[in-house]
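In what follows, a single structure is set out as C-alpha cells and then discussed.
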Amino acid sequence: MDMLTGQAPFILFKLNRVLYYGNADQLLDFTTKDDTANYVAEAALDSDTPRHLRIAGDQISARQLTEVVSRIKNKKYRLLYGGGLSMLDVMLK
C-alpha cells in the first residue's frame, strides 16, 4: 500500500497537511517493493544472513516529511494530528 499518497495517505495535498499519529518526531520506515526485493535477494546469497531481517528503505518523521513536501511543492505544509497510537490501532483492525 502506498502510505504517502495512496489509499491511506500521510500527505494530504488538498489540505496542505501531513497526517501523523502519536509523536510527530517518531521516525517512520518507508520501504519500496524494489528495496525489499533487492535486499532479500542479496541476503539469500549471504551465508551469514541472520534469521530475521529488518528492512527499511528510508526513515523520516512526519515533521521532517512536512519540511520536505513544503520545499518540493513550494507551499507551506503543516502537521495534522490524527490521534494517538491507540486510535491508529483501532482504525487498523
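Each value in this text was obtained by applying a stated rule to the coordinates, not by laboratory testing. All values reported here derive from a predicted model rather than from experimental measurement.
Please identify the DSSP H helices in the chain that span no less than 20 Å along the helix axis (Cα) and have a mean Kyte-Doolittle hydropathy of -0.5 or more. Qualifying helices: none. Partner aspartates and glutamates whose Cα lies under 14 Å from the Cα of residue 75, excluding those fewer than 8 positions away in the same chain, are identified as 67. With contributions of -39500 (n - 2.57) from each DSSP H run of at least four residues, the per-residue ellipticity at 222 nm computed over the chain stands at -10500 deg cm²/dmol. Which one is right for this structure if log10 I(q)/I(0) by the Debye sum over Cα atoms at q = 0.13, 0.14 Å⁻¹ is calculated from it: (1) -0.56, -0.63; (2) -0.48, -0.54; (3) -0.41, -0.48? Checked against the structure: label (1).
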